[in-house]
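Here is the structure we will look at, set down as structure tokens.
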Amino acid sequence: MKNIISVKNLYVQFGNKVVLKDINFDIEKGESIVIIGPSGCGKTVLIKTILGIIKSYKGEIYIWGKNIKNLNEKETKDIKENIGMVFQNSALFDSLSVWENVGFYYLYHTKKSKEEIKKMAIEILKKLGLDEDVIDMMPEQLSGGMKKRVSIARALISNPEIIFYDEPTTGLDPITSQGLTELIKKIHNDFNTTDITVTHDVKLAKMIGKRLILIDNGKIVESGTYEELKEKSNHPLIRSYIEIGG
Ligand SMILES: Nc1ncnc2c1ncn2[C@@H]1O[C@H](COP(=O)(O)OP(=O)(O)O)[C@@H](O)[C@H]1O
Ligand SMILES: [Mg+2]
């Protein structure tokens, strides 16, 4: 099976507010897709539903061909280890050091020794261009860009096949944002990951997305490459980016 994620007729509702309406898409191995849309359109809810964090929905979600509603314990564990998640705003644990954040999964869910986990954390941080001496720092001592790299390291430590990035450049200055965009592209190439990024940043979407899915008001309104959307889309998010020279 080529599709590693399939979303079919997905509806998510909170109270009487329908947040996602009839969402359908497939993602193939090795793709880099970007789900783009204005703030509040349901992007984070979509990721959380695919990851099984939001459990109340209508429709079907398949990961590696398995309906996520019917997973046994081993399948849940396999999926968790093979999916990395970079949360919005980095979401590091303030009371844990950098290496403890990066090795969090192994520290709390496996029997690996601290020394072993620290070694793994150092190795992955180095691959992401962070100096070894950050490993004992606390999150509050890091810049926004460094925090992002640490949260990417945490997602990558188990060598996952799929990575989700939620608003990876939001809140960063343009230069840091550019550096991070390059890093995401490099990870995609070096680690052969399948990437699903959600963002309202059209520049990021254009740089990393081989395919863009535009969501507004909970619905997929357009999809295609950036060039295709540039040609055909009348959506204000795309048009206003083109107006500034995008
Ligand atoms: N747990 C929740 N309970 C109720 N409403 C929620 C919940 N999570 C998200 N929402 C609402 O769903 C909508 C989409 O949110 P979200 O997916 O976070 O948007 P974004 O596209 O900015 O990531 C928003 O109106 C938000 O208030
Ligand atoms: Mg969001």
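The values are calculated or read from the model by the stated rules, or taken from the named source; none is laboratory data. None of the values given here were measured: they were computed from a predicted structure. Cβ placement follows ideal geometry from the backbone for every residue including glycine, while neighbour counts extend to all protein chains displayed.
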Requested in this report: State which residue pairs qualify: first residue surrounded by 14 or more Cβ atoms within 10 Å (Cβ to Cβ) and assigned to a helix (DSSP H, G or I) and inside region 70-84, second residue of a type outside the set (D, E, K, R) and at pLDDT 90 or above in any location, beta carbons under 6 Å apart, and separation of 6 or more residues or different chains.
Outcome: ILE79/ILE63; GLU81/SER158; ASN82/PRO160
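Matching residues to (1) within 16 Å of ligand 2 (Cβ to nearest atom); (2) touching a residue at least 60 places away in the same chain (Cβ under 8 Å); (3) in contact with a Lys or Arg (Cβ under 7 Å, 6 or more places away or on another chain); (4) not charged (D, E, K, R):
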{"residue": "THR170", "(1), (2), (3), (4)": "yes, yes, no, yes"}
{"residue": "GLY179", "(1), (2), (3), (4)": "no, no, no, yes"}
{"residue": "ASN189", "(1), (2), (3), (4)": "no, no, no, yes"}
{"residue": "ILE196", "(1), (2), (3), (4)": "yes, yes, no, yes"}
{"residue": "ALA205", "(1), (2), (3), (4)": "yes, yes, no, yes"}
{"residue": "LEU212", "(1), (2), (3), (4)": "no, yes, no, yes"}
{"residue": "ASN234", "(1), (2), (3), (4)": "no, no, no, yes"}
Requested in this report: May I ask you to verify whether LYS8 is of a type outside the set (S, T, N, Q), modelled with pLDDT of 95 or more, farther than 26 Å from PRO139 by Cβ and over 20 Å from the mean Cα position of the chain (by Cα)?
Outcome: no
Query - Residue check, THR199 among the β-branched types (Val, Ile, Thr) and touching a strand residue (DSSP E or B) at 6+ places or on another chain (Cβ under 7 Å) - result: yes
**Report entry** Members of region 25-79 found to be basic (Lys, Arg), within 16 Å of ligand 1 (Cβ to nearest atom) and over 15 Å from the mean Cα position of the chain (by Cα), listed by number
**Finding:** LYS55, LYS58
Query raised in the report: Considering ASP166, ASP131, ASP136, ASP173, which residue is crowded, with 19+ Cβ neighbours inside 10 Å and not hydroxyl-bearing (Ser, Thr, Tyr)?
Result: ASP166
Query raised in the report: Out of region 164-223, which residues are within 15 Å of the chain's Cα centre (by Cα), among the hydroxyl-bearing types (Ser, Thr, Tyr) and more than 14 Å from ILE33 (Cα to Cα)?
Result: THR169, THR170
Query raised in the report: If you go through region 1-28, how many residues are surrounded by 15 or more Cβ atoms within 10 Å (Cβ to Cβ) and of a type in the set (Lys, Arg)?
Result: 1
Query - Enumeration of residues in region 190-199 that are of a type outside the set (Asp, Glu) and modelled with pLDDT of 95 or more - result: THR193, THR194, ILE196, THR197, VAL198, THR199
Requested in this report: Mind listing whichever residues of region 52-63 are modelled with pLDDT of 95 or more, crowded, with 16+ Cβ neighbours inside 10 Å and part of a loop (DSSP other than H, G, I, E, B)?
Outcome: ILE54, TYR57
Report task. Among the residues of region 13-32, count how many are under 20 Å from GLU222 (Cβ atoms) and either within 16 Å of ligand 2 (Cβ to nearest atom) or in contact with a Ser or Thr (Cβ under 7 Å, 6 or more places away or on another chain) (or both). Result -> 6
**Report entry** Test: ASP136 is more than 16 Å from ligand 1 (Cβ to nearest atom), more than 16 Å from the chain's Cα centre (by Cα), among the charged types (D, E, K, R) and at pLDDT 95 or above
**Finding:** yes
Report summary line: LEU183 fails exactly one of (1) surrounded by fewer than 20 Cβ atoms within 10 Å (Cβ to Cβ); (2) under 22 Å from VAL7 (Cα atoms), namely (2)
